[in-house]
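The values are calculated or read from the model by the stated rules, or taken from the named source; none is laboratory data. Quick caveat: nothing in here was measured; it's all calculated off a predicted structure. Cβ atoms come from the backbone with ideal geometry, glycine included; neighbour counts cover every protein chain shown.
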Amino acid sequence: MTNETTPIGSIHVAPRAIATIAYQAALRSYGVVGMASKNVVDGIAHLLTKDPTHGAEVSYTGQYINIDMYIIIEYGTRIKSVASSVANTVRFHVEKSLGVPINEINVHVQGLRISEFES
Amino acid sequence: MTTPPQPQETPGFVEKLRQEPIDGLAFKNLAFAALTWLRTNHEMVNALNVFPVPDGDTGTNMVLTMQSAYNEIKNSPERSIEKIANALAQGALMGARGNSGVILSQLWRGVARALDGKDVLDGETFAKAFAVARDTAYKGVVRPVEGTILTVAKDIASATEKALAITQDPYEILEIAVEEASASVERTPELLDVLKDAGVVDSGGKGFFFLLDGMLRFSKGMPLDTAVASVKSLSALNFDNAMETVEEGQDYEVVVDFRPHEPLILEQFYSDLEKMGTSIQIGEGEGMYRMHIHVPTEKRYEPIDYTMSIGTITKVHIENLLAQMEDIEKSSKAQPIKLTPVEPGQIAVITVAPGPGIANVFASLGAAAIVEGGQTMNPSTQEILQTFENLPTDRIIILPNNKNIFMAAKAASEVTVKQAAVIPSRTVPQGLSALLRLIPNGDFDAVVADMESALGDVETGEITIATRTVEIDGVNVNEGEIIVLHNGKLILSTDNLTTACLAFLEKAAADDFELITLFYGADIQKAEVNQIADQIRETYADLEVEIQNGGQPHYQFIISIE
């Protein structure tokens, strides 16, 4: 579905492009304090490249788009609510930009950040 | 009792409240006021929602979150504000729903943190609570979106911090917080384009405003159960309902159609109208407004003059309600509800209904005649007989809907020369369930059999107050306690209506059904009904919950599960 053919040529949207939108949307979502790496190799790669899609993974199965989000949540918020809110926000923003429906969004909570502070 | 005092009922309430320091108990009352006021106005908050996805129903989500927070403290006798605030924050966290709910729970968490080690909430602590709430809320997101509840929290924090220079009184700080919240909410469209494009303010911010405003209204002794300015679409306006609420001295109904010169500031408009009369309704469609109000005789031209000062009037309608009321009373005695007419040869259903609301439901489902009656007012054989003797058909089915009326109904069916059968419905929900199977032109015996078989399709709950101390079915009941009957059998006694409803639903295995209908009685306030319904919706998220005004006496609720 990310290959659209028009009379004057065709449009391809790369998974990385979609991942960037998802990444931006996730960071604006309340309760998300960061994105996480899926594994060590990704983590090291991120340190070296400052990848703008860090923690957002997009894959196509046939014509379906699947997104996996790896996030870090603020300690003390209700994880379930934040996670479903991330899924909703990402879906909304990606579908709005892309104009095609997303098949599946999986949210993986990779960690919590504790930001207790002196008051 | 868990319901805090109602301010308007106690003389000297406000003075007393304001003199005493805000400890845990006082704070609990403020939290209840906040919840109540938000619940009253949550439809309005829902209507502001522009983000189609991230937060479906902001108002509902915030109410549920706040309800969960309040549940943690409602039975607590704790006087320490530290403990109350912590319990509130804990409850908000556990029940956080949607984006706005999560932010709200973070705000409460900040408040709780600011109150650590405190006994009372003074002005300085109040301002600090807002500041810590703001900091905590902002910590929860990498890229805060401005023009949302976050911005409102930020604005309140700076306003109250500044206000400390002028006053130390916590209620004055609260007043400043509410003023700033209101102003800040109005500014949200300037910060967030989606709001501006849709012509609305931020819903989460508005919800937060209602929470604080509820506290302030409580401290001023203002009522919390009438929504502020709710604007409906023109087609949704229904002035017939307003007739039921005509108050003493409000003799004229005035309806004005107008087009305002400048965008209408609803709250201002509404509060100006409130000074003139009652039963205010405002409708809007394509820039045209319709305003409805009941006013005393001497003020009947005031709403018109007032409206003329802010817009161009296109149509005015004035009616003397006293005359109209007399007409309604006359006609209502003759024909209270719209019954289903029967044609010769058809099967007519006669049903017994304990309240006007339930009678209406029966009528709308096809009852040909209705006898008033219930637990303590059993109709006689004669009364039942009279209702169907004059019907133009010979085929009669009677639904007694109460086991005490069963005998009288049976007797009526034997006395009459018509072909009559009694379906042994013992409760209202059973009666409704049976009535749904009616086929007016069907075979009599088949219809009777079918209606009888429908009795088992529905579970009935009846919730009422025990009139004496007794032990039945192994349940000990004290006079004045709330008791729950499941299909006519006593299952529980308690002192809490919500517990009663939930206990019944659990006992009846409501999970296996699809629809819960609550018929609420004449002795219970709509606000309380809504609160209980919300709790049920929360517990049984997969089921549909309907609320019907049953109007029955004695029974707070008749509940049907199908």
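All but one of (1) modelled with pLDDT under 75; (2) surrounded by 14 or more Cβ atoms within 10 Å (Cβ to Cβ); (3) in contact with a Leu (Cβ under 9 Å, 6 or more places away or on another chain) hold for B:Pro303, so report the exception by its number.
In the conditions (1) modelled with pLDDT under 75; (2) surrounded by 14 or more Cβ atoms within 10 Å (Cβ to Cβ); (3) in contact with a Leu (Cβ under 9 Å, 6 or more places away or on another chain), B:Pro303 misses (1) alone.
Anything in the stretch A:92-115 that is within 9 Å of chain B (Cβ to nearest Cβ) and part of a loop (DSSP other than H, G, I, E, B)? List them, or say none.
Residue satisfying the conditions is A:Ser115 alone.
B:Glu471 - would you say it is without any contact (Cβ under 8 Å) to a residue 12 or more places away in the chain and closer than 28 Å to B:Arg395 by Cα?
no
If you check A:Tyr64, A:Tyr60, A:Tyr70, which single one turns out to be under 30 Å from B:Thr58 (Cβ atoms) and hydroxyl-bearing (Ser, Thr, Tyr)?
The unique qualifying residue is A:Tyr70.
Among the residues of the stretch B:72-79, is there at least one that is in contact with an Asp or Glu (Cβ under 7 Å, 6 or more places away or on another chain), more than 14 Å from chain A (Cβ to nearest Cβ) and modelled with pLDDT of 85 or more?
Checked against the condition, which is being in contact with an Asp or Glu (Cβ under 7 Å, 6 or more places away or on another chain), more than 14 Å from chain A (Cβ to nearest Cβ) and modelled with pLDDT of 85 or more, the stretch B:72-79 yields at least one hit.
Checking the condition of a type in the set (S, T, N, Q), outside the structural domain of B:Asn401 (by TED's automatic domain parsing), surrounded by 14 or more Cβ atoms within 10 Å (Cβ to Cβ) and modelled with pLDDT under 85, which residue from B:Gln268, B:Gln281 passes?
B:Gln281
Looking only at the stretch B:350-402, which residues are assigned to a loop (DSSP other than H, G, I, E, B) and within 19 Å of B:Thr460 (Cα to Cα)?
Once the filter is applied, which keeps residues that are assigned to a loop (DSSP other than H, G, I, E, B) and within 19 Å of B:Thr460 (Cα to Cα), the stretch B:350-402 yields B:Pro354, B:Gly355, B:Leu365, B:Gly373, B:Gln375, B:Thr376, B:Pro400, B:Asn401, B:Asn402.
Note down all Cβ pairs under 6 Å where the first residue falls in the stretch A:9-33 and is more than 22 Å from A:Ile114 (Cα to Cα), the second is modelled with pLDDT of 90 or more and not in a helix (DSSP H, G or I), and they're at least six residues apart or on different chains.
A:Pro15/A:Val58; A:Ile18/A:Val58; A:Ala19/A:Ala56; A:Ala19/A:Val58; A:Ala22/A:Ala56; A:Ala22/A:Ile67
Could you check B:Asp116 against (1) at the interface with chain A (Cβ under 10 Å from one of its Cβ atoms); (2) free of Cβ contacts under 8 Å to residues at least 40 places away in the same chain; (3) in contact with a Ser or Thr (Cβ under 6 Å, 6 or more places away or on another chain) and say which number it fails?
Of everything listed in (1) at the interface with chain A (Cβ under 10 Å from one of its Cβ atoms); (2) free of Cβ contacts under 8 Å to residues at least 40 places away in the same chain; (3) in contact with a Ser or Thr (Cβ under 6 Å, 6 or more places away or on another chain), B:Asp116 misses just condition (3).
Let me confirm something: among B:Glu528, B:Glu462, which residue is in a strand (DSSP E or B) and in contact (Cβ under 8 Å) with a residue 24 or more places away in the chain?
Step by step, each of B:Glu528, B:Glu462 is checked, and only B:Glu462 is in a strand (DSSP E or B) and in contact (Cβ under 8 Å) with a residue 24 or more places away in the chain.
Kindly indicate which of B:Asp534, B:Asp523, B:Asp473 is surrounded by fewer than 19 Cβ atoms within 10 Å (Cβ to Cβ) and either within 23 Å of B:Asn71 (Cα to Cα) or at pLDDT 85 or above (or both).
Criteria check complete, one pass: B:Asp534.
B:Glu124 fails exactly one of the following numbered conditions: (1) charged (D, E, K, R); (2) touching a helix residue (DSSP H, G or I) at 6+ places or on another chain (Cβ under 7 Å); (3) in contact (Cβ under 8 Å) with a residue 40 or more places away in the chain. What is the number of that condition?
(2)
Give the stretch B:403-420 a look and list any residue that's touching a residue at least 24 places away in the same chain (Cβ under 8 Å), of a type outside the set (Ser, Thr, Tyr) and not in a helix (DSSP H, G or I), or say none.
Answer for the stretch B:403-420, where residues must be touching a residue at least 24 places away in the same chain (Cβ under 8 Å), of a type outside the set (Ser, Thr, Tyr) and not in a helix (DSSP H, G or I): B:Lys403, B:Asn404, B:Ile405, B:Lys418, B:Gln419, B:Ala420.
Mind listing just one residue for me: the one in the stretch B:180-200 that is surrounded by fewer than 16 Cβ atoms within 10 Å (Cβ to Cβ) and among the acidic types (Asp, Glu) and, of those, farthest from B:Ala26 (Cα to Cα)?
Among those that are surrounded by fewer than 16 Cβ atoms within 10 Å (Cβ to Cβ) and among the acidic types (Asp, Glu), it is B:Asp197.
Name every residue in the stretch A:90-119 that is polar (S, T, N, Q), farther than 15 Å from B:Lys139 by Cα and in contact with a strand residue (DSSP E or B) (Cβ under 9 Å, 6 or more places away or on another chain), in order of residue number.
A:Asn103, A:Asn106, A:Gln110
So if I check each of B:Glu383, B:Glu372, B:Glu414, B:Glu389, which one is surrounded by fewer than 16 Cβ atoms within 10 Å (Cβ to Cβ), of a type outside the set (Gly, Ala, Ser) and in contact with a Lys or Arg (Cβ under 9 Å, 6 or more places away or on another chain)?
Going through B:Glu383, B:Glu372, B:Glu414, B:Glu389 in turn, the sole match is B:Glu389.
List every residue pair whose Cβ atoms lie under 8 Å apart, where the two residues are 6 or more positions apart in sequence or sit on different chains, the first residue falls within the stretch B:202-230 and is under 22 Å from B:Leu273 (Cα atoms), and the second residue, located anywhere, is modelled with pLDDT under 90 and of a type in the set (Asp, Glu).
B:Ala227/B:Glu43; B:Val228/B:Glu267; B:Ala229/B:Glu267; B:Ser230/B:Glu43
Go through the stretch B:124-170 and give me each residue that's touching a strand residue (DSSP E or B) at 6+ places or on another chain (Cβ under 6 Å) and more than 12 Å from chain A (Cβ to nearest Cβ).
Once the filter is applied, which keeps residues that are touching a strand residue (DSSP E or B) at 6+ places or on another chain (Cβ under 6 Å) and more than 12 Å from chain A (Cβ to nearest Cβ), the stretch B:124-170 yields only B:Pro170.
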